[in-house]
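A.B. asks: One structure, pasted below without further comment.
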């Protein structure tokens, strides 16, 4: 699978910041971010596969690692990610964007 060049990712990040910068609704933001990522050529779409893990501990797998680091992770080949959790055996790559609830 071919992923977009870094220039495309930078543009995607700018667009994402614009989308979520004015809205505090996490569900709306997640939906818009998924739609944005889905629209980029050669980029995997939002999760719409087989049933997958419902709960992943912090620090485990790609999702748990992204949550702890607070950074977006792009894993081109999940077999090369140490500690990958095979929730869906058909998944070959992952893009994980951690979303956090703002505590008042």
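We did not get these values from a lab; they are worked out from the coordinates using the rules stated. What you see is a predicted model; the values in this text were computed from it and never measured. Virtual Cβ from ideal backbone geometry, glycine too; neighbours counted across all protein chains shown.
A.B. asks: Out of (1) more than 20 Å from residue 12 (Cα to Cα); (2) without any contact (Cβ under 8 Å) to a residue 40 or more places away in the chain; (3) surrounded by 15 or more Cβ atoms within 10 Å (Cβ to Cβ); (4) out of contact with any strand residue (DSSP E or B) (no Cβ under 6 Å at 6 or more places or on another chain), the odd one out for residue 82 is which?
C.D. replies: Tallying (1) more than 20 Å from residue 12 (Cα to Cα); (2) without any contact (Cβ under 8 Å) to a residue 40 or more places away in the chain; (3) surrounded by 15 or more Cβ atoms within 10 Å (Cβ to Cβ); (4) out of contact with any strand residue (DSSP E or B) (no Cβ under 6 Å at 6 or more places or on another chain), residue 82 fails exactly one: (3).
A.B. asks: For segment 72-104, which residues satisfy the criterion of being within 10 Å of the chain's Cα centre (by Cα) and assigned to a loop (DSSP other than H, G, I, E, B)?
C.D. replies: Scanning segment 72-104 gives 72, 97, 98, 99.
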